[in-house]
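Quick notes on the structure that follows.
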Amino acid sequence: MTSLDAAIGGPSLPQKRELKTALPGPKSKEILDRKAKAVAAGVTYSVPVAAVAAGGGVVVDADGNSLIDLGSGIAVTTVGNANPRVAAAVAAQAASFTHTCFMVSPYEGYVEVAEKLNQLTPGDFEKRTALFNSGAEAVENAIKIARIHTKRTAVVAFDHAYHGRTNLTMALTAKAAPYKTGFGPFASDIYRVAGSYPYRDGLSGAEAAKRAISQMDKQIGADQIAAIIIEPIQGEGGFIVPAEGFLETVVAWARENGIVFIADEVQTGFARTGTMFASEQLGIEPDLITTAKGIAGGMPLSAVTGRADIMDASHGGGLGGTYGGNPVACAAALATIAEYEENNLARRAQEIGEIISQKFSALAETDNRIGEIRGLGAMAAVEFVDADGEPNAALAKAAAGQAVAEGVITLTCGTYGNVIRFLPPLSISDELLIEGVDVVIEAVKAN
């Protein structure tokens, strides 16, 4: 057990990779067969196991197989699955009450979470927060707030963006399959412009911002735009880190033109990138920031936080929802945030990122199929290419598949499907992380 494990309560499961069966094992297969008969076909999975326990840096399935977790449920269980402090907070709140609806009978937990987010998010100005259930719901509400504040309707999103699977957020999302195909028509007055993808566009931040601003000016008109929304590091699009100066220039232009700038930090938020929020490292103070995923240790919760005058623009009753800011989820969020702060997990994210980068940099010296190693902190990715520098989705898929078969939960992403991403829980030990990354590297070599 590392010192970090001890600091956050320690994993209750043996921290090792162990395969007792091929995947899926017979018990998992039985459950997955039942899934096929009971669950809608559109709900798929990438790792063929039925989880029964998880903690530290492992997930254990119904057959007793222990897999190294390099995905954190897509950046959700950042403080670890079943973190002792979070589990205790959930149990205590559930024993008191599980629901009243904040819009009917308010409770202190919701207020405490709002106060904490107002304090933690970037920007030295008065803020307000509203709580919801999912990242997509937070994005939808951020757009609502921006539109009512500006009295405008146009919204700008970017190439390679991912913002969710609801109707409005599908319109904001760039990639068609599997997120949008066949589900239209989508919400109107949504516009897409080119962003910054340094590896592929070769532009400086200033050049990419000039291109984006020109598109917005010419194709929409600044006086028609309610909001610009972007992930500071684009997640599903391939963990794309914009060139230096891109975001700052776009934010400055938005301010000059009365446009609300929304940072979608659903995936980047809460210590994942080596600071509490990625915006801090990228030099911006968003007008509004959307958060979810790592906010509550696995409980469903999301938020919109931002400038008080913008957040207060809505009429009474215009924001909310039956389950938004559920008291159990709020208790989990307060415990989760305490873990980030008290154990300096942002620093741990930096250490994790350094290990991943070093391992793949060594491989890149002999394997020219590695196009770029990028990311911030424990949000790291490797983009694979062919001999011509074109996206190599086949390699990413094959290597990730082999790693999973060998007991390492590995996720792919990217507009072109050619990126393997790493989102390990910050509770993972160095030893387990290195073993997991080594398995992925050997899988790359083998394919």
Residues that are of a type outside the set (A, V, I, L, M) and part of a helix (DSSP H, G or I), drawn from the stretch 145-182: Arg147, His149, Thr150, Asn167, Thr169
From the list Ile434, Ile352, Ile370, Ile428, which residue is more than 20 Å from the chain's Cα centre (by Cα) and either polar (S, T, N, Q) or more than 28 Å from Gly202 (Cβ to Cβ) (or both)? Ile434
Across the stretch 420-434, the tally of residues that are of a type in the set (D, E, K, R) and surrounded by fewer than 18 Cβ atoms within 10 Å (Cβ to Cβ) stands at 2
Search result, residues across the stretch 153-172 that are hydroxyl-bearing (Ser, Thr, Tyr) and over 18 Å from Ala254 (Cα atoms): Tyr162, Thr166, Thr169
Find the residue count for the stretch 73-103, including only residues that are of a type in the set (A, V, I, L, M) and farther than 29 Å from Ile262 by Cβ. 9
Yes or no: Ala222 without any contact (Cβ under 8 Å) to a residue 24 or more places away in the chain and surrounded by fewer than 18 Cβ atoms within 10 Å (Cβ to Cβ)? no
Thr290 is checked against (1) assigned to a loop (DSSP other than H, G, I, E, B); (2) out of contact with any Leu (no Cβ under 8 Å at 6 or more places or on another chain) and fails just one. What number does that condition carry? (1)
Can you give me the number of residues within the stretch 156-189 that are closer than 13 Å to Ile262 by Cβ and in contact with a Leu (Cβ under 7 Å, 6 or more places away or on another chain)? 3
Which listed residue, of Ala400, Ala394, Ala380, is outside the structural domain of Gly235 (by TED's automatic domain parsing) and more than 20 Å from the chain's Cα centre (by Cα): Ala394
Take Ala114 and decide whether it is among the aliphatic types (A, V, I, L, M) and in contact with a helix residue (DSSP H, G or I) (Cβ under 6 Å, 6 or more places away or on another chain). no
Collect the residues in the stretch 213-259 that are touching a Gly at 6+ places or on another chain (Cβ under 8 Å) and assigned to a strand (DSSP E or B), keeping them in residue-number order. Ile230, Gln234, Ile240
Checking Arg211 against (1) touching a Lys or Arg at 6+ places or on another chain (Cβ under 8 Å); (2) within 22 Å of Lys175 (Cβ to Cβ); (3) of a type in the set (Lys, Arg), which test does it fail? (1)
When Ala303 is evaluated against the numbered criteria (1) surrounded by fewer than 24 Cβ atoms within 10 Å (Cβ to Cβ); (2) touching a residue at least 60 places away in the same chain (Cβ under 8 Å), which criterion, by number, is the only one it fails? (1)
Among (1) under 19 Å from the mean Cα position of the chain (by Cα); (2) acidic (Asp, Glu); (3) assigned to a loop (DSSP other than H, G, I, E, B); (4) more than 20 Å from Ala157 (Cβ to Cβ), there is one condition Glu280 misses while meeting the rest; what is its number? (3)
Check whether at least one residue in the stretch 305-323 is in contact with a Ser or Thr (Cβ under 9 Å, 6 or more places away or on another chain) and either over 24 Å from Gly123 (Cα atoms) or not assigned by TED's automatic domain parsing to the domain that holds Val266 (or both), and report yes or no. no
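The values are calculated or read from the model by the stated rules, or taken from the named source; none is laboratory data. From a predicted model like this one, the values you see are computed outputs, not experimental measurements. Note that each Cβ is placed from the backbone with ideal geometry, even for glycine, and that neighbours are counted across all protein chains shown.
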